[in-house]
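The values are calculated or read from the model by the stated rules, or taken from the named source; none is laboratory data. Please read all numbers here as calculations on a predicted model, not as lab measurements. A quick note on method: Cβ atoms are made from the backbone with ideal geometry, for glycine too, and the neighbour counts reach across all protein chains shown. Ligands, DNA and RNA are excluded from the accessible area calculation, which covers all protein heavy atoms including side chains. Shrake-Rupley method; radii C 1.70, N 1.55, O 1.52, S 1.80 Å.
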Amino acid sequence: MPVVDDEVAEEIAALKRERRAVVLAHYYQDPEIQDVADFVGDSLQLSRQAAKTDALVICFAGVKFMAETAKMLSPDKKVVLPDLQAGCSLVDGCPPEAFRKWREKYADHVVVTYVNSSAEVKALSDYCCTSSNAEQVIRAIPEGKPIIFAPDRNLGAYLEKKTGRKLRLWQGTCMVHETFSERHLISLKHDHPQALVLAHPECEEALLRHADYIGSTAGILEFAKKSDRREFLIATEAGILYPMRLAAPGKTFIPVPTTTGCACNECPHMKKNTIEKVLAALRDLRPEIDLDPDLLRRARKPIDAMFEVCDGKVPHRGD
Ligand code: 13P
Ligand code: SF4
């Protein structure tokens with residue numbers, strides 16, 4: 001059942017028509033934002049939508065690196081982010097100048113960068129990837145070629161295990177996923193022996209070793225929908241619980257607690273966006289994502305390289 005207030009939903013629908021705008025929302029957004037979105041998805045799905053929409057305006061309800069990626073893929077569109085302060089600890093933990101110096105030390109390495117990075121760091125990379133295609137991107141690089149992976153060390157370590165490739169890892173982490181508690185998870189598994197553990201690869205290895213499925217937010221949602229099990233322990237940001245409960249109303253989704261014991265692990269960046277700010281962004285057409293054209297062109301290259309690996313082509317309108 002949608003939770004958004006009817007009047008607010010109508011106001012947003014009218015603004016969308018007037019502005020020829022679409023609202024793209026990540027699964028970690030508040031339920032009422034997901035309710036008014038034209039499309040809700042993970043990082044990869046959202047970038048595909050951003051590339052192919054024929055709207056004039058994209059209101060991106062997510063964090064800044066996601067809205068920047070949308071701008072790179074649709075440079076002629078106006079891209080607005082409800083709160084420009086919606087950042088990401090992985091972006092903050094990988095400053096472009098430090099990254100440039102580090103990668104210069106390994107000039108013979110292929111550079112694969114998680115989409116959770118700044119435009120400047122992307123511009124210094126050969127391939128971009130998201131949590132849903134990172135394994136495919138790594139496997140596409142010829143054996144024997146040394147690889148740098150940045151900025152998430154947990155996703156990097158997971159990829160090393162999956163692919164058997166040695167990766168040189170930048171030591172960044174997600175402030176949300178690194179706080180899940182293994183101790184609480186073990187106790188939940190004990191209380192719910194039939195439940196499957198579904199985890200995002202940004203979690204620490206201590207958590208991931210208990211997982212029955214590891215994948216992106218969209219992967220976790222799909223897995224739960226298709227599974228014949230009824231109970232799931234969820235180790236990713238709490239926003240995913242709303243679309244999971246909508247998609248599989250008869251199933252039980254239990255959030256894994258953090259080390260403090262709280263079962264409400266929310267990303268403070270994602271949660272900076274509110275339904276009021278979405279409405280204001282559509283009305284005022286700001287705050288707008290503005291990227292220097294040269295930076296945009298350089299940062300888009302590894303994104304195109306990613307799409308060439310995983311789709312065989314770069315997405316564009318009409319796909
Ligand atoms: P997904 O691409 O899996 O949605 O992940 C985005 C993210 O920021 C996870 O913390
Ligand atoms: Fe960044 Fe973590 Fe928030 Fe995702 S959940 S946007 S990785 S801080």
One quarter of the C-alpha convex hull surface, i.e. the mean projected area of the chain in nm², amounts to 16.1
In this structure, the FRET efficiency calculated for K313 and H109 from their beta-carbon separation, with R0 = 35 Å, to the nearest 0.05, is 0.85
The relative contact order of the chain, taking Cα pairs under 8 Å that sit 6 or more residues apart, comes to a percentage of 23
If the chain between K226 and Y213 were fully extended at 0.36 nm per residue, the gain over the current Cα-Cα distance would be 3.4 nm
Answer check: region 242-292, Cα atoms, Kirkwood Rh, Rg/Rh ratio of 1.15
For K77, the aspartates and glutamates lying under 17 Å Cα to Cα, once residues fewer than eight places off in the same chain are dropped, come out as E18, D38, D54, E68, D284, E288, D290, D292, D294
Cα-based Rg and Dmax for region 137-269, in Å, come out at 15.5, 48
Long-range amide H partners of V110, meaning residues 5 or more apart or on another chain whose placed amide H is closer than 5 Å, are I147, I148
Taking Cα pairs closer than 8 Å and at least 6 residues apart, the relative contact order of region 28-131 in percent is 22
Residue-normalised 222 nm signal for the chain, counting each DSSP H run of n ≥ 4 as -39,500 (n - 2.57), nearest 500 deg cm²/dmol, is -12000 deg cm²/dmol
Chymotrypsin sites (Phe, Trp or Tyr not before Pro) in region 60-115 lying in a DSSP loop, each with at most 15 other Cβ atoms within 10 Å of its Cβ, come to Y106
Residue-normalised value, i.e. accessible area per residue, for region 33-140 at 1.4 Å probe, in Å², stands at 34
Sorted largest first, the Cα spans of region 216-260 on the principal axes come out in Å as 31, 18, 15
Scoring region 107-252 by relative contact order with C-alpha pairs under 8 Å, at least six apart, yields a percentage of 18
Taking N as the number of residues in region 211-319, the ratio of its alpha carbon radius of gyration to 2.2 N^0.38 Å works out to 1.43
Here the percent of antiparallel bridges among DSSP beta bridges lying wholly in the chain, to the nearest 5, is 5
For region 68-217, the Cα-Cα pair-distance distribution in 5 Å bins from 0, as whole percents, is 2, 9, 17, 19, 18, 14, 10, 6, 3, 1, 0
Measuring from its Cα centre, the chain shows a charge dipole (+1 at each Lys and Arg Cβ, -1 at each Asp and Glu Cβ) which, in debye to the nearest 20, is 940
So for region 279-319, using the alpha carbon gyration tensor with a ≥ b ≥ c as root eigenvalues (a/c under 1.5 gives rounded; past that, a/b versus b/c decides prolate or oblate), I'd call it oblate
Share of accessible surface on carbon and sulfur in the chain, whole %, 1.4 Å probe and ligands ignored, is 49
Here the tail fraction of P(r) beyond 23 Å, over all Cα-Cα pairs of region 80-162, rounds in percent to 21
